[in-house]
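Colleague: A single structure is presented below for examination.
The values are calculated or read from the model by the stated rules, or taken from the named source; none is laboratory data. For clarity, every value in this text was computed on a predicted model and none was experimentally measured. Every residue, glycine as well, gets a Cβ built from its backbone with ideal geometry; the counts of neighbours run over all protein chains shown.
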């Protein structure tokens, strides 16, 4: 549904994107994850025909973004970083306007606007000018605006940036609903949790190029290590650390505050049982034990820092 | 949605789709004209430009300059003045268009329009048409306040309509000039600054407030060819107001109606495609 090869763009001497390869099958959700300035927005703007690539090509919904921009625009929806609706119009007027510009007949545009206002919980504010809306309401309206033409491909550029946690959760719910309806979604975010929550696959970009690509689970597995968190009576801590040394994947750390150890491990079946058994055999009581899986934060730090200097060896999963 | 045009239309299919494309483009223009005007409902202060400002201009100049400026032939200054203010208001349309488009560009709304399957020229066409409608309000206020201070129309409805038509044509040309400025400006402030640096000299090197007869020759030539002067002279002639410029042996002052129509048509022919080109170019970066 979205297919890009070697997509590149420079602004003057600044190279925003140096060669993006992307493949998003129909009905799936891909997340472009990266820090500020990684080139996420540039990528979306090129795929949505707002920017012309300097090099490479991209096809969206079967059409080339440069040669057949108009056909692409007929099939996409775009919701940007900043809510792009008219502040001085009411929410309803905004949606009817965008509906008509999306080639819906006037009556259909009105019907669909009412439907979307209800779906995004904006009926009560429908007749108020948008400048009176809260940040969350604006984002919901902006998202609704991108859905009027029933797009088969939806681009969401940092849809929840700047929202409070409650509004963010609400918006995630809405986005999951769209995915369930079969929309192909390309989402950009700098929030790992968002990528983890919504995306089927994640493409980590940094410094204008892809540094890793895979499912959230694959990326976590790439980082490899999980952590065992153990609470043990203080007197037995040193001895426990010595015993666990030979089971650990890295140096065992004593956590400040006393009584706790952090042991890096390669996750495998029966690992926790084995550890408890070994300690029990040595006469050490375990008060508490927990296995912490690698988070996307670990992945993010590992991929956007370390691999930026070591090069993309074996990074291309596809 | 995609049923009306296939993804790979044959040549014949593409030609057959033309009227449909044209209908859609006209819908886009209608929707965007409506959008600009609908904003007034929630932000009526946008009307100050076209209501209070012309009123203040008429009152201010008719009381301040009356008596200070003696026209060649001793015509009534207030009768002379109104067509001048009228012409300046028409040119002022550019300012609203430039600022409005600059604001839209910086708000991200234009990005949304660009991501829609709509006509690219419609954003500009809708804006300029809406601004033309606003200018009509300014024209009405100028005329009403003119009547209040003693200005009169001395000709029949056909001449009045012709004067109005020439005025609106010039206002539309000015709106397209404003569209070019809006596309080039970095934001609302710079659009306003550019607008003022063009509009003020253009208004003051004209016969709007004074007669050009006593100006230094090179300045007089500029003033006589200035489209604001030409429109003002045309309106004065068509409305039967004092028109000392009729005695000036400069071609545009001898044929102000024709000169005004030619000026406006030429400006639109150049500036409208230029503005659309700037809009599309800005999309690509």
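Colleague: Tally time: how many residues in the range A:243-270 are touching a residue at least 24 places away in the same chain (Cβ under 8 Å) and part of a helix (DSSP H, G or I)?
Modeller: The number of residues fulfilling the criteria is 2.
Residue-wise test of (1) closer than 23 Å to residue A:140 by Cα; (2) out of contact with any helix residue (DSSP H, G or I) (no Cβ under 7 Å at 6 or more places or on another chain).
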| site | (1), (2) |
| --- | --- |
| A:45 | yes, yes |
| A:50 | yes, no |
| A:56 | no, yes |
| A:59 | no, yes |
| A:66 | no, yes |
| A:74 | yes, yes |
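For every residue, the table says whether it meets (1) in contact with a helix residue (DSSP H, G or I) (Cβ under 9 Å, 6 or more places away or on another chain); (2) surrounded by 11 or more Cβ atoms within 10 Å (Cβ to Cβ).
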| position | (1), (2) |
| --- | --- |
| A:252 | yes, yes |
| A:260 | yes, yes |
| A:264 | no, yes |
| A:271 | no, yes |
| A:288 | no, no |
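Colleague: Conditions: (1) facing chain B (nearest Cβ under 9 Å); (2) surrounded by 18 or more Cβ atoms within 10 Å (Cβ to Cβ); (3) out of contact with any helix residue (DSSP H, G or I) (no Cβ under 7 Å at 6 or more places or on another chain); (4) more than 24 Å from residue A:140 (Cα to Cα). Residue A:70 meets all but one. Number of the miss?
Modeller: Only one criterion in (1) facing chain B (nearest Cβ under 9 Å); (2) surrounded by 18 or more Cβ atoms within 10 Å (Cβ to Cβ); (3) out of contact with any helix residue (DSSP H, G or I) (no Cβ under 7 Å at 6 or more places or on another chain); (4) more than 24 Å from residue A:140 (Cα to Cα) is unmet by residue A:70, namely (2).
Colleague: Related question: Within the range B:47-58, is even one residue at pLDDT below 85, within 14 Å of another protein chain (Cβ to nearest Cβ) and part of a helix (DSSP H, G or I)?
Modeller: no
Colleague: Would you confirm whether any residue within the range A:54-65 is out of contact with any strand residue (DSSP E or B) (no Cβ under 6 Å at 6 or more places or on another chain), within 11 Å of chain B (Cβ to nearest Cβ), modelled with pLDDT of 90 or more and not in a strand (DSSP E or B)?
Modeller: Yes, the range A:54-65 contains at least one residue that is out of contact with any strand residue (DSSP E or B) (no Cβ under 6 Å at 6 or more places or on another chain), within 11 Å of chain B (Cβ to nearest Cβ), modelled with pLDDT of 90 or more and not in a strand (DSSP E or B).
Conditions tested, residue by residue: (1) at pLDDT 95 or above; (2) surrounded by fewer than 22 Cβ atoms within 10 Å (Cβ to Cβ); (3) more than 22 Å from residue B:273 (Cα to Cα).
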position: B:115; (1), (2), (3): no, no, no
position: B:128; (1), (2), (3): yes, no, no
position: B:148; (1), (2), (3): no, yes, yes
position: B:151; (1), (2), (3): no, no, yes
position: B:166; (1), (2), (3): yes, no, no
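Colleague: Quick check on my filter: what residues within the range A:77-105 are without any contact (Cβ under 8 Å) to a residue 24 or more places away in the chain and at the interface with chain B (Cβ under 7 Å from one of its Cβ atoms)?
Modeller: Going residue by residue through the range A:77-105, those that are without any contact (Cβ under 8 Å) to a residue 24 or more places away in the chain are A:82, A:93, A:96-97, A:100-101, A:105.
Those that are without any contact (Cβ under 8 Å) to a residue 24 or more places away in the chain and at the interface with chain B (Cβ under 7 Å from one of its Cβ atoms): A:82, A:93, A:97, A:100, A:101.
Colleague: Another question, then. When you scan the range A:8-53, how many residues do you find that are more than 14 Å from every other protein chain (Cβ to nearest Cβ) and either free of Cβ contacts under 8 Å to residues at least 24 places away in the same chain or over 15 Å from residue A:210 (Cβ atoms) (or both)?
Modeller: Number satisfying all stated conditions: 8.
Colleague: Name every residue in the range A:106-163 that is within 14 Å of another protein chain (Cβ to nearest Cβ), in a loop (DSSP other than H, G, I, E, B) and more than 25 Å from the chain's Cα centre (by Cα), in order of residue number.
Modeller: A:126, A:127, A:128, A:133
Colleague: Right, another one. Listed residues A:240, A:248, A:195; which is modelled with pLDDT under 85 and at negative phi?
Modeller: Only one candidate passes the filter, namely A:248.
Colleague: Quick one: which of A:173, A:149 is closer than 21 Å to residue A:197 by Cβ and in the same structural domain as residue A:103 (by TED's automatic domain parsing)? So that I can check it myself, show each step before the final result.
Modeller: Working: A:149 fails: closer than 21 Å to residue A:197 by Cβ.
Sole residue among the options that is closer than 21 Å to residue A:197 by Cβ and in the same structural domain as residue A:103 (by TED's automatic domain parsing): A:173.
Colleague: While we're on this one: Give the residue, chosen from B:116, B:71, B:105, B:81, that is within 14 Å of another protein chain (Cβ to nearest Cβ), touching a helix residue (DSSP H, G or I) at 6+ places or on another chain (Cβ under 8 Å) and touching a residue at least 40 places away in the same chain (Cβ under 8 Å).
Modeller: Working: B:116 fails: touching a residue at least 40 places away in the same chain (Cβ under 8 Å); B:71 fails: within 14 Å of another protein chain (Cβ to nearest Cβ); B:81 fails: within 14 Å of another protein chain (Cβ to nearest Cβ).
Unique residue meeting the criteria: B:105.
Colleague: Taking the stated definitions as given, is residue B:210 more than 14 Å from chain A (Cβ to nearest Cβ), surrounded by fewer than 23 Cβ atoms within 10 Å (Cβ to Cβ) and within 24 Å of residue B:147 (Cβ to Cβ)? Can you show your working first?
Modeller: Values: more than 14 Å from chain A (Cβ to nearest Cβ): yes; surrounded by fewer than 23 Cβ atoms within 10 Å (Cβ to Cβ): yes; within 24 Å of residue B:147 (Cβ to Cβ): yes.
Yes, satisfied.
Colleague: Next question. Just checking, does the range A:98-110 include any residue being more than 25 Å from residue A:75 (Cβ to Cβ) and modelled with pLDDT under 95?
Modeller: Step one: filter the range A:98-110 for residues more than 25 Å from residue A:75 (Cβ to Cβ), giving none.
Checking the range A:98-110: not a single residue is more than 25 Å from residue A:75 (Cβ to Cβ) and modelled with pLDDT under 95.
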